[in-house]
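First comes the structure, then the notes that go with it.
Rule-based calculations on the coordinates, nothing more; no lab input. Every value quoted in this text rests on a predicted model; they were computed, and no experiment measured them. Every residue, glycine as well, gets a Cβ built from its backbone with ideal geometry; the counts of neighbours run over all protein chains shown.
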Amino acid sequence: MTERLDGTVAIITGASSGIGEATAVALAEHGAQVAVAARRRDRLEALADRIGGDRVLVLETDVTDEAQARAMVEATIAHFGRLDTLVNNAGVMLLGPIVDAPVDEWRRMVELNLLGLLYSTHAALPHLLSAADSDPRRVADIVNVSSVAGRAARQGSGVYNATKFGVGAFSESLRQEVTRRHVRVSLVEPGAVATELASHVRTEVLEGMMATFASTEILLAEDIAESIAFTVTRPRRMAVNEVLVRPTEQER
């Protein structure tokens, strides 16, 4: 049975589009107040209008900057008074060969996919631990959005794989550390999803991706948001540690 999130507060990073945007809407529909964080304020404000009322806080944030990630959490606490859920969704996928790769692309992926997640989690943990020890639910959640790329390495995806494998390792280590304190750490691993993520890929690589999935009905952002909502609305006794969600027709 789905539990409501009334009286709780969630931060969603990368909320200006795709999975983050859909997740903010889904958690708000379950009763949570939501802080939506990303770099594109105009998109966040449009999302806030969609959610409506005083249930949403817009936070223009670049989580690759540790000070901004910390300020994101502090602003949420100052506005709503608590934090129960952190959804680390912000990420970038820059695929291509390792040989002669643009190293700046590697740096961007490590800084956003891994360091941004680490900074946000570190800042949020004291408040999540406090929420897990108080009403209304006496449990808190960290959801780290990874990828099927965090489960199997493939040619052309080496550094993206490295960041997502890192997310998985960090998530499991943290889970073991805080699970008896009722902070649940969950890893959500989408397969092919129709989001802006692919738009960051270089043209020659994107053409290959499009050919691979040309005959596949890929997922919608709302499908992943539904999985995240399911994860964080479980009763206190139940933790969903890992969710792999692929299109039915995706083979790998």
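Annotations for the structure displayed:
- Taken as entire DSSP H runs, the helices of the chain that both span 24 Å or more between Cα atoms along their own long axis and average -1.0 or more on the Kyte-Doolittle scale are 158-178.
- Arg4-Arg236 pseudo-label distance in nm [points 7 Å out on the Cα-to-Cβ vector]: 1.8 nm
- Distant-in-sequence amide contacts of Leu220, defined by a placed amide H-H separation under 5 Å and a gap of 5 or more residues or a different chain, comprise Ala194.
- Most mobile of Ala46, Ala162, Ala71 in a GNM of the chain (Cα contacts under 10 Å): Ala46
- When only Cα pairs below 8 angstrom with a gap of at least 6 residues are kept, the chain shows a relative contact order of 21 percent.
- Once backbone amide H atoms are built at 1.01 Å from N, Ala32 has Leu5 as its partners under 5 Å, excluding neighbours fewer than 5 places away on the same chain.
- Taking 7 Å steps out from each Cα toward its Cβ at Ala46 and Ala71 produces label points 2.5 nm apart.
- Sites Thr179 and Ala152 - FRET efficiency at Förster radius 30 Å, r taken between beta-carbons, to 0.05: 0.70
- Think of the range 9-239 as having a plus end and a minus end, set by charges on the Cβ of Lys, Arg, Asp and Glu; of Ser120, Gly191, Ala169, Ala169 sits farthest toward the positive end of this dipole.
- In a simple Cβ point-charge model (Lys, Arg +1; Asp, Glu -1; nothing else charged), the chain has a dipole of about 780 debye relative to its Cα centre.
- Packing-based exposure ordering (other Cβ within 10 Å, fewest first) of Ile228, Ile98: Ile98, Ile228
- Gaussian network model of the chain, springs between alpha carbon atoms under 10 Å - residue of Val183, Val148, Val99 with greatest fluctuation: Val99
- Alpha-carbon Rg/Rh ratio, for the range 8-118, with Rh computed the Kirkwood way: 1.03
- Least to most buried among Ser186, Ser147, Ser17 (fewest other Cβ within 10 Å first): Ser17, Ser186, Ser147
- Signed unit charges on C-beta, dipole axis of the chain, positive-most listed residue Val232, Ala37, Pro136: Pro136
- Model label sites at Arg82 and Arg55, defined 7 Å from Cα along the beta-carbon direction, differ in position by 1.7 nm.
- Annotation for the range 45-123 versus the range 146-187: alpha-carbon center distance of 16 Å.
- Highest mobility in the GNM of the chain, judged by mean-square fluctuation with C-alpha springs under 10 Å and restricted to Leu128, Leu219, Leu59, is found for Leu219.
- The chain: calculated mean residue ellipticity at 222 nm from DSSP helix runs of at least 4, using -39500 (n - 2.57): -13000 deg cm²/dmol
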